[in-house]
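Enquirer: The following block contains the structure, expressed as structure tokens.
The values are calculated or read from the model by the stated rules, or taken from the named source; none is laboratory data. Predicted, not measured: the structure shown is a model, and the values here were computed from it. Using ideal geometry, Cβ is built from the backbone for each residue, glycine included, and neighbour counts are taken over all protein chains shown.
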Amino acid sequence: MQRVAESDLQLREYVDTEADRIVATLFEWLRIPSISAHPDHAADVRKSAEFGAQLMREAGLEHVEILDTAGAPSAYGDHLHAGPDAPTALVYGHHDVQPVDPLDQWTSPPFEPVIVDGECRARGAIDDKGQVLYEIEAVRGLLQRNGKLPVNVKFLVEGEEEVGSPNFEDLLWREKGRLVCDVVVVSDTGMWSRSVPSICVGMRGLVAFDVTVRTATIDLHSGSFGGAVPNPAHLIAGLVADLHDDNGRVTLPGFYDDVRALTEDEQRSLAALPFDEEKWKRSAGVKRVDGEAGRSVLERTWTRPTCDVVGIDVGYSGEGMKTIVPAEGNVKITFRLVPDQQPAKVTEAFEAWLAGRIPEGVEYTIRPEGPGVAPALTPVDNPAVGALRRAIARVWDKDPLFTREGGSGPEEALGRVFQAPVLFLGVGLPGDRFHAPNERMVMDQFWKGLLAAGELWTELARG
Ligand SMILES: [Zn+2]
């Protein structure tokens with residue numbers, strides 16, 4: 001791995017001379033309470049989009065525009081002067097933020113940013129305004145220094161990521177001509193720790209089902225009918241018990257058939273991560289780990305598919321006792337998917353599995369929650385990942401390890417719509433309190449993110 005002294009980083013001087021202005025800009029953006037979940041903040045979300053657009057203009061980006069959707073607006077800007085042979089990168093982030101309650105747990109007001117002990121505390125500091133800002137500033141710095149960029153760059157800064165990006169994919173298809181790219185750079189994630197830089201290369205997919213079973217027209221007296229009529233609580237308990245075998249594996253036929261094995265590079269990287277199981281258990285508030293036998297916690301949460309029952313609602317659960325056989329029950333079941341499982345195929349398998357377990361004479365309905373989200377993976381041997389690896393190694397002075405994300409997000413749609421590899425340049429840390437009171441950005445990570453964003457464009461141009 002090639003190493004460069006920190007002073008050789010292209011944007012080192014820019015960071016030194018512009019730091020005060022950049023922090024003031026960050027504060028100004030963070031003061032806009034762009035909470036997408038609250039309709040009464042719609043004007044703030046728009047103001048935040050316009051603020052982002054203005055930052056892009058000041059940075060030297062062109063064609064800057066607010067892209068309206070059926071929901072909250074995104075901001076767009078580009079710089080397309082690197083020539084047709086240079087790759088085109090689309091930077092993705094979001095400018096909306098999570099709600100702030102419980103307010104009394106904040107040590108300073110969420111929309112009055114402060115820097116304490118080298119941390120910027122405010123809602124949106126790490127998720128995601130801070131991470132969008134260092135990307136924009138990196139472009140500004142390079143244009144100031146060199147008058148040009150080594151790659152063509154487009155920015156798409158979304159306004160409703162925190163409410164599940166309901167209009168995002170529509171926007172991508174609608175604006176596909178404008179947004180088309182060779183590589184996507186997502187700046188909305190994190191790293192293993194300050195001293196263990198890492199690159200996320202994949203996210204899990206998701207399918208979710210709402211199942212209702214109906215055994216009778218009304219609740220029945222358990223003395224008069226119990227023991228001779230079907231009980232939906234028993235039925236649901238049986239279904240739930242049947243979802244996993246004794247080794248914690250999901251029992252849907254063919255469920256694991258499409259799971260792609262980890263490459264040696266990924267296995268090595270996973271094993272090299274300094275994972276502390278005790279600490280992890282404490283962070284989760286659990287006393288034991290559970291799940292698929294023979295797999296580590298990181299495998300179980302990142303690289304293996306899983307099934308979780310998220311809720312059961314059947315019969316009487318109020319105070320005291322009610323002697324009934326309930327007439328109806330409901331269970332909600334989710335599956336997290338990994339490459340190369342496909343939501344449609346898993347949905348079909350689950351529907352068939354369920355149909356085979358509902359006895360004759362029992363009515364049931366199954367409602368999939370939307371079309372599901374496919375899993376996403378950027379192979380670690382993709383040249384674009386190599387470019388990001390070199391950029392991060394140069395700034396953190398350490399070769400980054402590869403991680404994955406157990407959750408699901410709009411990143412999958414970006415990769416699918418543009419058929420492009422998705423890179424995650426994220427500087428968040430496990431203690432950054434994403435979505436929680438006292439959200440923070442460690443400023444040292446912020447500056448490193450800015451420096452790495454600058455290096456990444458050069459590395460990507462090299463191929
Ligand atoms: Zn985010």
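Enquirer: Looking only at the stretch 151-190, how many residues end up being within 15 Å of Leu80 (Cα to Cα) and surrounded by fewer than 19 Cβ atoms within 10 Å (Cβ to Cβ)?
Expert: Result for the stretch 151-190: 4.
Enquirer: Here's something else I'd like to know. Within 23 Å of Gly254 (Cβ to Cβ) and out of contact with any helix residue (DSSP H, G or I) (no Cβ under 6 Å at 6 or more places or on another chain): is that true of Thr323 in this structure?
Expert: Against the criterion (within 23 Å of Gly254 (Cβ to Cβ) and out of contact with any helix residue (DSSP H, G or I) (no Cβ under 6 Å at 6 or more places or on another chain)), Thr323 does not qualify.
Enquirer: I'd like the residue in the stretch 96-141 that is in a loop (DSSP other than H, G, I, E, B) and near the ligand (Cβ under 10 Å from one of its atoms) and, out of all such residues, is surrounded by the fewest Cβ atoms within 10 Å (Cβ to Cβ).
Expert: Gln98
Enquirer: Scan the stretch 21-29 and give yes if some residue there is under 20 Å from Leu171 (Cα atoms), in contact (Cβ under 8 Å) with a residue 40 or more places away in the chain and of a type in the set (Val, Ile, Thr), otherwise no.
Expert: No, the stretch 21-29 has no match at all.
Enquirer: Write out, first by first residue and then by second, each pair whose Cβ atoms fall under 6 Å of each other, whose residues are 6+ apart or on separate chains, and whose first residue, in the stretch 117-133, is on the phi > 0 side of the Ramachandran plot while the second is within 9 Å of the ligand (Cβ to nearest atom).
Expert: Gly124/Val97
Enquirer: Please work out which residue is farthest from the chain's Cα centre (by Cα), limiting yourself to the stretch 201-223 and to residues that are surrounded by 13 or more Cβ atoms within 10 Å (Cβ to Cβ) and in a loop (DSSP other than H, G, I, E, B).
Expert: Ser222
Enquirer: Of the residues Asp40, Asp44, which single one is farther than 19 Å from Phe418 by Cβ, out of contact with any Ser or Thr (no Cβ under 8 Å at 6 or more places or on another chain) and acidic (Asp, Glu)?
Expert: Checking each option against the conditions leaves just Asp40.
Enquirer: Spot the failing condition for Val417; the list is (1) closer than 28 Å to Arg268 by Cβ; (2) under 22 Å from the mean Cα position of the chain (by Cα); (3) surrounded by fewer than 20 Cβ atoms within 10 Å (Cβ to Cβ); (4) not small (Gly, Ala, Ser), and only one is missed.
Expert: Failed condition: (1).
Enquirer: Also: If I ask for residues that are charged (D, E, K, R) and touching a strand residue (DSSP E or B) at 6+ places or on another chain (Cβ under 7 Å), which ones from the stretch 218-277 would you list?
Expert: Asp219, Glu266
Enquirer: State whether one or more residues within the stretch 224-246 are under 29 Å from the mean Cα position of the chain (by Cα) and not in a strand (DSSP E or B).
Expert: yes
Enquirer: Given Gly130, Gly159, Gly164, which one is in contact with a Phe, Trp or Tyr (Cβ under 8 Å, 6 or more places away or on another chain) and either of a type outside the set (Phe, Trp, Tyr) or modelled with pLDDT under 95 (or both)?
Expert: Gly130
Enquirer: Right, another one. Any idea how many residues of the stretch 73-95 are away from the ligand (no atom under 14 Å from the Cβ) and assigned to a loop (DSSP other than H, G, I, E, B)?
Expert: Residues that pass the stated criteria total 9.
Enquirer: Also, I was wondering about something else. Inside the stretch 357-374, can you point out the residues that are assigned to a loop (DSSP other than H, G, I, E, B) and modelled with pLDDT under 95?
Expert: Glu369, Gly370, Pro371, Gly372, Ala374
Enquirer: What's the number of the condition Val201 fails, among (1) in contact with a strand residue (DSSP E or B) (Cβ under 7 Å, 6 or more places away or on another chain); (2) at pLDDT 95 or above; (3) aliphatic (A, V, I, L, M)?
Expert: In the conditions (1) in contact with a strand residue (DSSP E or B) (Cβ under 7 Å, 6 or more places away or on another chain); (2) at pLDDT 95 or above; (3) aliphatic (A, V, I, L, M), Val201 misses (2) alone.
Enquirer: Residue pairs, Cβ under 6 Å, 6 or more apart or interchain, first in the stretch 87-100 and of a type in the set (Gly, Ala, Ser), second in a strand (DSSP E or B). List them.
Expert: Qualifying pairs under 6 Å: Ala89/Val153; Ala89/Val183; Ala89/Val185; Gly93/Val157.
Enquirer: Anything in the stretch 142-179 that is among the acidic types (Asp, Glu), within 16 Å of the ligand (Cβ to nearest atom) and in a loop (DSSP other than H, G, I, E, B)? List them, or say none.
Expert: Residue satisfying the conditions is Glu160 alone.
Enquirer: Residues Arg390, Arg416: which one is modelled with pLDDT under 95, of a type in the set (Lys, Arg) and over 29 Å from His244 (Cβ atoms)?
Expert: On inspection, the qualifying residue turns out to be Arg416.
Enquirer: Still on this structure, please answer the following. For the stretch 1-30, how many residues meet the condition of being surrounded by fewer than 16 Cβ atoms within 10 Å (Cβ to Cβ) and modelled with pLDDT of 95 or more?
Expert: 8
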